[in-house]
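Read through the structure below, which is laid out as structure tokens, and then see the notes.
Taken together, the values in this text are just the output of simple stated rules run on the coordinates, not laboratory data. Since the model is a prediction, treat every value here as computed from it, not as a measurement. Every residue, glycine among them, receives a Cβ derived from its backbone with ideal geometry; neighbour counts consider all protein chains shown.
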Amino acid sequence: MKIDIQNDDILIGVLSDTHGFLNGDVFDALQGCDIILHAGDIMGSHIIQKLTKITKKVYGVSGNNDCNQYPQKIDINLKNYGTITTVHGDSFDFFAPDHQDLRDAYPKSKIIIYGHTHKKIIDDSKNPIVLNPGAAGKTRIQSGPSCLTLKIKKSKQLKISSFRF
């Protein structure tokens, strides 16, 4: 699925692995987002419905527990920035997707978002940037539920904010 967005300044919420439960602190952290991207293992349309109370622009990909209810990949093309690709990540390696494999698969993307591992990662060591928001539910949350926001300015300046509860 490809979506073109014309926004100049934009705030994007990023979450994954809710497994049918959305942590309330994560919901609160995403307030004010223009777009929300869910990197899979949503496990219930009620999660998407709840997120639409923040913004109508909620997009999710299927995780290995979603029975292909959603697209496998979403490309958000921001007019003044470039493409943000969202996948679940399990097809790259079930236990720990290799970031170079993701970069090789989506070399034209500015940012690649994946979920699946339930481990929050910000890998900006090279381009494209690879992000995993961690788990936003209550299943295998390690150090607590988490999510990210991406503030992208018209000037192409990117600010990644990380939340853990």
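Tabulated data for the structure shown
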quantity: Normalised contact order of the range 2-164, rounded percent, pairs of Cα under 8 Å and 6 or more residues apart; calculated: 27 percent
quantity: Gain upon complete extension [ARG140, ASP4; 0.36 nm per residue less C-alpha separation]; calculated: 45.6 nm
quantity: Length gained when the stretch LYS156-GLN69 is fully extended (0.36 nm per residue, less Cα-Cα span); calculated: 28.0 nm
quantity: Among 109-118, 43-52, the order from most to least packed when residues are scored by Cβ within 10 Å on average; calculated: 109-118, 43-52
quantity: Calculated P(r) over Cα pairs in 10 Å bins from 0, in percent (choose from [x] 9, 29, 24, 24, 12, 2; [y] 12, 46, 37, 6; [z] 9, 35, 31, 17, 7, 1), label; calculated: [y]
quantity: Local net charge near LEU78, Cβ-Cβ under 14 Å (Lys/Arg +1, Asp/Glu -1); calculated: +4
quantity: Computed [θ] at 222 nm, helices only, for the chain once each DSSP H run of length n ≥ 4 contributes -39500 (n - 2.57); calculated: -3000 deg cm²/dmol
quantity: Relative contact order of the range 13-53, pairs being alpha-carbon contacts under 8 Å that are 6 or more residues apart, as %; calculated: 55 percent
quantity: Order of LYS53, LYS119, LYS153 under a 10 Å beta carbon neighbour criterion, fewest first; calculated: LYS53, LYS153, LYS119
quantity: Residue with peak Gaussian network fluctuation, the chain [Cα springs, cutoff 10 Å], from ILE129, ILE84, ILE74; calculated: ILE129
quantity: Fully extended contour minus Cα-Cα distance, from ILE122 to SER45, at 0.36 nm per residue; calculated: 25.0 nm
quantity: Percentage relative contact order, the range 92-165, counting C-alpha pairs under 8 Å, at least six apart; calculated: 20 percent
quantity: Residues of type lysines that LYS53 reaches as a straight line, Cα spacing below 30 Å, ignoring anything fewer than 8 places off in the same chain; calculated: LYS2, LYS73, LYS79, LYS110, LYS119, LYS120, LYS138, LYS151, LYS153, LYS154, LYS156, LYS159
